[in-house]
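Read through the structure below, which is laid out as structure tokens, and then see the notes.
The values are calculated or read from the model by the stated rules, or taken from the named source; none is laboratory data. The model shown is predicted, which means the values in this text are computed figures rather than measured ones. Heavy atoms of the whole protein, side chains included, go into the accessibility calculation; ligands, DNA and RNA do not. Shrake-Rupley method; radii C 1.70, N 1.55, O 1.52, S 1.80 Å.
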Amino acid sequence: YQTVFARSPGSVAAPTAGLHLTVAAREVLKARGVGWACVTLHVGLGTFRPVEVDNLDEHLMHEERVVVGPELAAAIAETRAAGGKVMAVGTTVVRALESARDPNRSGHVVPWEGKTRLLIQPGYSFGVVDGLLTNFHQPRSTLLALVGAFAGMRQIHDAYRAALDAGYRFLSYGDAMWIPERAC
């Protein structure tokens, strides 16, 4: 139960958005000019804990260990210099990149290693990530809040309604959605 990106042990679960990308799919995207850079994610058990408060500001956010290395920071800088966009594969990648955002250069990150407790919810001002490949997420989850912050809660609600109406199956594999640019 690993993604093609996995390099070091430490997660309690695979970052599931990455399961949609096979080696062959990555090669097709590379041939179309899509660059790749990796972040180390150690998904924690808290990612599965539902939100049990009505006010998300009162939720005790779980922590996850991430490593945003100098190679990734350089790749993002090169992408920005070439006028490109930064696309994240999964919500944990979004949290990692936003946790490492460079306070002095918009759209950039600095090398950073640590435990992030960043809670992204509607109203959050994104500084690094421009697009997102993600799964559908459970109601009352911080993951759904992040996706809603990125794409807009109404748009996410409409996407979920369309998926349910079409009989989509949820949870981990086969339920991905591509959000090419942030709405908020």
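To the nearest 10 square angstrom, what accessible area does Ile156 show with a 1.4 Å probe?
About 10 Å², ignoring ligands and nucleic acids.
Rounded to whole Hz and in sequence order, give me ³J(HN,Hα) for the range 41-53 from the Karplus expression 6.51 cos²θ - 1.76 cosθ + 1.60, θ = phi - 60°, writing x for Gly and Pro.
My calculation for the range 41-53 gives 10, 10, 4, x, 4, x, 4, 9, 6, x, 6, 10, 10 Hz in order.
At 1.4 Å probe size, with every protein chain present, just tell me what the per residue accessible area of the chain comes to in Å².
Normalised by residue count, the accessible surface of the chain is 55 Å².
Express the carbon and sulfur contribution to the solvent-accessible surface of the range 76-184 as a percent, rounded to the nearest whole number, probe 1.4 angstrom.
After summing per-atom areas, the C and S share lands at 53 percent.
Check every DSSP H run in the chain and write down those whose alpha carbon atoms cover 15 angstrom or more along the long axis and whose mean Kyte-Doolittle hydropathy is -0.5 or greater.
70-81
Calculated from the structure, Cα extents along the principal axes in Å equals which of (i) 74, 37, 32; (ii) 39, 36, 33; (iii) 68, 36, 35?
Among (i) 74, 37, 32; (ii) 39, 36, 33; (iii) 68, 36, 35, the one calculated here is (ii).
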